[in-house]
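The structure appears below as structure tokens.
The values are calculated or read from the model by the stated rules, or taken from the named source; none is laboratory data. All values reported here derive from a predicted model rather than from experimental measurement. With ideal geometry, Cβ positions are generated from the backbone for all residues, glycine too; neighbour counts draw on all protein chains shown. In case anyone asks, the SASA skips ligands and DNA or RNA and just uses the protein heavy atoms, side chains included. Shrake-Rupley method; radii C 1.70, N 1.55, O 1.52, S 1.80 Å.
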Amino acid sequence: MHNGRVKKRRRPDTGTMILTVSAALLMFAIAAMVVLPLPWMVRSPGPTLDTLGLIDDESVVAISGAETHETGEGQLLLTTVAVSGGPGRSITLLDAISGWLRPDAAVLPREMVYPVEPDPQEVSDFQIAQMNASQDFATAAALTELGYEITVTMTVAELMPDLPPVGELEVGDVLTAITPAGSQREELRDFGQLIGILEETAPGTEVTLEVMREGGPAEATFPTSPRPEGDEQPGSLLGVWLNTEPSDFPVDIDFDIDNIGGPSAGMMFALAIVDQLTPGELTGGKLIAGSGTMSIDGRVGAIGGIQQKLHGAVRDGASWFLVAEGNCSEALGNVPDGLEIAAVGTLADAVEAVEAIGRGQSERLTTCESVVAAQS
């Protein structure tokens, strides 16, 4: 008979068990967050491309049918944004943390950019269509800036609810002439001409539009609409959305560019066309970057990802960046060291800015500070 003492088993401490399980669950959660996809996007600087340069010995912007000129050693860089986590793609927590730690990146909820999850192929097709349109608009704006006459087809794309054109115009109508009350009839050739007429037409003025529609020629008479609140431009609006499409160009211009979508390269395309068709060296040998949409009548529009594009420009050696006036408030405070910015509102502004930078005449440039001050 064994007389030794029986050793009791010690019951596990409840607190220790809870702590151990909690730590295990936490580690599991962290591991899951590291590898599981998240509904966020990361924007970072993408590649830049010299619109005066070559790709595989082919000009990025090739011009024929007109005399061209040497552009010298200067560069006009279009800038891009690299996006991780777009439609059909996901990022992990590690990707997000990396983006948060980078001064040149931004982490955004995907729903902020895409409220409804789109089909990735549709997004790609749309971006390609935007790029193609930006090339046409840049061509039309640049050739108009150089004195060429460009005919543009203006088609009613959408009628605004409860505005006077409803019941008078039809979607698909092609505008051919306009007669504001008390003014002369003018045949419409381009969008800039229409904008100029409306800028001199007070809201509520009756206008007669001549259009071509499916059944043949037609007329529509209605009062013009006031510009929206906050719009400081003079004059009035028709109150419809128009599609604008340039007719055949008098000069052949081809763009050799792949894997870049969207409309934001329009300004830099237009500048490259102007430089090649203008005697002398527009850039003065400087490396100038920029980003902005280009309308068919030469207006520079704001773009997305300006912070990332600024960083991409200075990374690739640019000393100056042309900023659309609409991006000035966002650009201020986000300009990296070694880069200067100038604000532009039109293609004419952008040409003048490049010339001033090339000649070292920075005092001629419009600053974003002055633009923001005027807007406030």
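Restricting attention to the stretch 178-221, which residues are closer than 23 Å to Arg299 by Cα and of a type in the set (Lys, Arg)?
Within the stretch 178-221, just Arg189 meets the criteria.
Can you tell which of Asp254, Asp258 is acidic (Asp, Glu), under 30 Å from Val83 (Cα atoms) and not in a loop (DSSP other than H, G, I, E, B)?
Exactly one of Asp254, Asp258 is acidic (Asp, Glu), under 30 Å from Val83 (Cα atoms) and not in a loop (DSSP other than H, G, I, E, B), namely Asp254.
Only one of these is open to solvent by 60 Å² or more (accessible area, probe 1.4 Å), out of contact with any Phe, Trp or Tyr (no Cβ under 7 Å at 6 or more places or on another chain), farther than 30 Å from Thr205 by Cα and touching a residue at least 60 places away in the same chain (Cβ under 8 Å): Leu77, Leu94, Leu101. Name it.
Leu94
Please enumerate the residues belonging to the stretch 334-368 that are in a helix (DSSP H, G or I) and not small (Gly, Ala, Ser). Before the answer, list the steps.
Step one: filter the stretch 334-368 for residues in a helix (DSSP H, G or I), giving 347-358, 362-364, 368.
Once the filter is applied, which keeps residues that are in a helix (DSSP H, G or I) and not small (Gly, Ala, Ser), the stretch 334-368 yields Leu347, Asp349, Val351, Glu352, Val354, Glu355, Ile357, Glu363, Arg364, Cys368.
Give the stretch 295-333 a look and list any residue that's open to solvent by 10 Å² or more (accessible area, probe 1.4 Å) and in a strand (DSSP E or B), or say none.
Arg299, Val300, Gly301, Trp320, listed by residue number.
Please find, within the stretch 347-365, the residue that is nearest to Ala141 (Cα to Cα) out of those that are buried (at least 19 other Cβ atoms within 10 Å of the Cβ) and touching a residue at least 40 places away in the same chain (Cβ under 8 Å).
So, considering only residues that are buried (at least 19 other Cβ atoms within 10 Å of the Cβ) and touching a residue at least 40 places away in the same chain (Cβ under 8 Å), the one nearest to Ala141 (Cα to Cα) is Leu347.
Do we have Ile341 as farther than 30 Å from Ile150 by Cα, open to solvent by 10 Å² or more (accessible area, probe 1.4 Å) and touching a Phe, Trp or Tyr at 6+ places or on another chain (Cβ under 6 Å) here?
Numbers: farther than 30 Å from Ile150 by Cα: yes; open to solvent by 10 Å² or more (accessible area, probe 1.4 Å): yes; touching a Phe, Trp or Tyr at 6+ places or on another chain (Cβ under 6 Å): yes.
It is true that Ile341 is farther than 30 Å from Ile150 by Cα, open to solvent by 10 Å² or more (accessible area, probe 1.4 Å) and touching a Phe, Trp or Tyr at 6+ places or on another chain (Cβ under 6 Å).
Say whether the condition of being part of a strand (DSSP E or B) and either of a type in the set (D, E, K, R) or in contact (Cβ under 8 Å) with a residue 40 or more places away in the chain (or both) is met by at least one residue in the stretch 64-72. Full working, then the answer.
Applying the first criterion (part of a strand (DSSP E or B)) to the stretch 64-72 yields 64.
Among the residues that remain, those that are also either of a type in the set (D, E, K, R) or in contact (Cβ under 8 Å) with a residue 40 or more places away in the chain (or both) are: 64.
Checked against the condition, which is being part of a strand (DSSP E or B) and either of a type in the set (D, E, K, R) or in contact (Cβ under 8 Å) with a residue 40 or more places away in the chain (or both), the stretch 64-72 yields at least one hit.
Hey, could you check the stretch 217-246 for residues that are hydrophobic (A, V, I, L, M, F, W, C) and surrounded by 14 or more Cβ atoms within 10 Å (Cβ to Cβ) and say which is nearest to Asp190 (Cα to Cα)?
The first filter runs over the stretch 217-246 and keeps only residues hydrophobic (A, V, I, L, M, F, W, C), leaving 218, 220, 222, 237-238, 240-242.
Still in the list and also surrounded by 14 or more Cβ atoms within 10 Å (Cβ to Cβ): 218, 220, 222, 237-238, 240, 242.
Working: Ala218: 20, Ala220: 19, Phe222: 21, Leu237: 16, Leu238: 15, Val240: 16, Leu242: 12 Å.
So the residue we want is Leu242.
Quick one: in the stretch 142-188, of everything that is over 14 Å from Gly239 (Cα atoms) and at pLDDT below 90, which residue is most open to solvent (accessible area, probe 1.4 Å)?
Glu149
Need at least 2 residues that are closer than 18 Å to Leu347 by Cα per element, so show me which helices (runs of 4 or more DSSP H) inside the stretch 84-153 make the cut, counting only ones lying wholly within it.
Ranges flagged: 120-145.
Residues in the stretch 295-332 that are on the phi > 0 side of the Ramachandran plot and more than 13 Å from the chain's Cα centre (by Cα): how many?
Final tally of qualifying residues: 2.
Considering only residues of the stretch 189-232 that are among the hydroxyl-bearing types (Ser, Thr, Tyr) and either without any contact (Cβ under 8 Å) to a residue 60 or more places away in the chain or not in a strand (DSSP E or B) (or both), which is nearest to Tyr148 (Cα to Cα)?
Pass one, the stretch 189-232, residues among the hydroxyl-bearing types (Ser, Thr, Tyr): 201, 205, 208, 221, 224-225.
Of the ones still in play, those that are also either without any contact (Cβ under 8 Å) to a residue 60 or more places away in the chain or not in a strand (DSSP E or B) (or both) are 201, 205, 208, 221, 224.
On the way: Thr201: 26, Thr205: 31, Thr208: 28, Thr221: 32, Thr224: 30 Å.
In this case the residue turns out to be Thr201.
Considering only residues that are crowded, with 24+ Cβ neighbours inside 10 Å, aliphatic (A, V, I, L, M) and at pLDDT 95 or above, look in the stretch 283-294 and name the one that is nearest to the chain's Cα centre (by Cα). Working first, answer last.
Within the stretch 283-294, the subset crowded, with 24+ Cβ neighbours inside 10 Å is 288-292, 294.
From what's left, aliphatic (A, V, I, L, M): 288-289, 294.
Then drop every residue that is not at pLDDT 95 or above, which leaves 288-289.
Working: Ile288: 18, Ala289: 14 Å.
Among those residues, the one meeting the criterion is Ala289.
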